[in-house]
Amino acid sequence: MVFVRTTPPRPVDVTAVFPELAPSARPAIRLHPRAGSPSVRESSVGGPLLWPVTEPWPHCEGSHPDSGFRQSPAEVRLDRRIRARLHRDPHGPALTPEEEAIRDRDAAMLGERLDAGPPWPAECPVPMLPVAQLYLRDIPLLRPPGQADLLQVLWCPYDHDPDYKPSTALFWRSAAAVVDILATPPEPYEADYPGYVPEPCLLAPEAVTEYPNSLDLSPEMQQMLGDWNRWQAADVGVESSYADYADYPEEFYDSELADAPGWKVGGWPPWGRTDPYPRYCAVCDVRMVPLLTIASFEWDGGTQSWAPYEDQAAAFAASHVAGQNPAQPTAVEVGRTDNLQLYVCPVSPEHPHTDLIQ
Ligand SMILES: [Zn+2]
Ligand SMILES: [Zn+2]
């Protein structure tokens, strides 16, 4: 890894206050995606995949309402690039010669596709977009089948019924088995939202320990969490620094101590938008476990204490220009500002995955 990100220690060791929570500790790996130029040999979000030339690129066969052309992934990326440049140099040209060349090239490619004959994409399967590529060496929490050591996640950048979310596909493979790499995979013609086009990011994986969101706890445990006297009695220093939470201890627990916000592998689900919604394997009916959380934000107003040390100056700055939010390095936005969580079967990684907006 070429860079690191470090989560500040939690303000309180929650198991010192509630030893009952100790058995619920779960390992997670925060991915800490940050803009970069990942290669096919690196773990990434929105980067190029190590995809064999001999294997067909995944396409989505779902139905895609023809709602008129929106924006191609290339246009979305170019817009972001121009916005970032104008942020650094507000008096710069509307379009540099290089950006103009990119736009002309994309327009020509798009023209060729349109010339190939309508209707596109309504009656064509849609090429999927790379979302994440995770090597086992970087993310040892992964449980691949057989000899596989690489997980690849793609999605179709349209809303799909019933929950208006991109449809996802997972592929496990052995990196050593890929000899000739597909250099230029097909791209979808358009994306339903710019937030469905991930920016290429490198990762700085960091192992953390998580505890369940309070909504995942028993009513008795929730009641205990809500008893500020119990927090005070544990003498862990909450009275001095966190007295603001005295009326809402569960909020203190959920935002500071339970599950980490942002992109992560494993751990506990980030409930709050919805009540807990257990998922069961379609093959063996076992309760599924979180694999990957695809997050709109790495942190927000309630979870700023999870911002890594290295990002705190930027995170706590007073204002950000649109599209330049340091809490949104991937530019991904799902369910507007929510998370898309992928679940897998703990019995077999080959049983089909499922996903959930939360
Ligand atoms: Zn689709
Ligand atoms: Zn199963």
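Computed quantities for the displayed model
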{"read-out": "Cβ-Cβ FRET estimate between Ala233 and Ser305, R0 fixed at 22 Å, reported to 0.05", "value": "0.40"}
{"read-out": "Solvent-accessible surface ranking, highest first, for Lys264, Lys165 at 1.4 angstrom", "value": "Lys165, Lys264"}
{"read-out": "Where GluC sites (Glu not before Pro) fall in DSSP loop in the range 11-108, at most 13 other Cβ within 10 Å", "value": "Glu61"}
{"read-out": "Shape call, the chain: gyration tensor on alpha carbons, a/c limit 1.5", "value": "prolate"}
{"read-out": "Cα-based shape type of the range 32-198, given that a ≥ b ≥ c are square roots of the gyration tensor eigenvalues and the cut on a/c is 1.5", "value": "oblate"}
{"read-out": "GNM flexibility winner over the chain from Pro56, Pro73, Pro198 (Cα, springs under 10 Å)", "value": "Pro56"}
{"read-out": "Net charge dipole size for the chain [Lys, Arg +1 and Asp, Glu -1 on Cβ; Debye, nearest 20]", "value": "820 debye"}
{"read-out": "Between 0 and 90°, nearest 10: helix 97-115 axis offset from the chain longest Cα axis", "value": "70 degrees"}
{"read-out": "Where trypsin sites (Lys or Arg not before Pro) fall in DSSP loop in the range 26-64, at most 15 other Cβ within 10 Å", "value": "Arg41"}
{"read-out": "Karplus-derived HN-Hα couplings along the range 74-86 (A = 6.51, B = -1.76, C = 1.60, θ = phi - 60°), whole Hz, x at Gly and Pro", "value": "5, 5, 4, 5, 5, 4, 5, 4, 5, 4, 5, 5, 5"}
{"read-out": "Trypsin sites (Lys or Arg not before Pro) within the range 267-312, DSSP loop, no more than 14 other Cβ atoms inside 10 Å", "value": "Arg273"}
{"read-out": "Gaussian network model of the chain, Cα within-10 Å springs - most flexible of Pro65, Pro276, Pro38", "value": "Pro65"}
{"read-out": "Where labels lie 7 Å past Cα in the beta-carbon direction, separation of Asp89 and Phe316 in nm", "value": "3.3 nm"}
{"read-out": "Interchain or long-range residues, amide H under 5 Å from Asp159's placed H", "value": "Asp192"}
{"read-out": "Accessible area (Å², 1.4 Å probe, nearest 10) - Thr184", "value": "120 Å²"}
{"read-out": "Residue of Tyr164, Tyr253, Tyr193 that the Gaussian network model of the chain assigns the largest fluctuation, springs spanning Cα pairs under 10 Å", "value": "Tyr164"}
{"read-out": "Contour excess over end-to-end distance, with Cα ends at Asp247 and Ala177 and 0.36 nm allotted per residue", "value": "19.5 nm"}
{"read-out": "Sequence-distant residues sharing a close amide H with Gly36 (under 5 Å, placed H)", "value": "Cys201, Leu202"}
{"read-out": "Rounded accessible area per residue of the chain, 1.4 Å, Å²", "value": "48 Å²"}
{"read-out": "Heavy-atom accessible surface of the chain: percent carbon and sulfur, 1.4 Å", "value": "53 percent"}
{"read-out": "Label-point separation in nm, Ala282 to Val347, each point 7 Å along Cα→Cβ", "value": "1.6 nm"}
{"read-out": "Helix-only [θ]222 nm of the chain, DSSP H runs n ≥ 4, -39500 (n - 2.57) each, per residue, nearest 500", "value": "-5000 deg cm²/dmol"}
{"read-out": "Under-5 Å amide H pairs with Glu210, H placed in peptide plane, nonlocal only", "value": "Arg26, Ala28"}
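The values are calculated or read from the model by the stated rules, or taken from the named source; none is laboratory data. Note that this is a predicted model, so its numbers are computed, not measured. So basically every Cβ, Gly included, is an ideal-geometry build from the backbone, and we count neighbours across all protein chains shown. These accessible areas exclude ligands, DNA and RNA; they are computed on the full protein's heavy atoms, side chains included. Shrake-Rupley method; radii C 1.70, N 1.55, O 1.52, S 1.80 Å.
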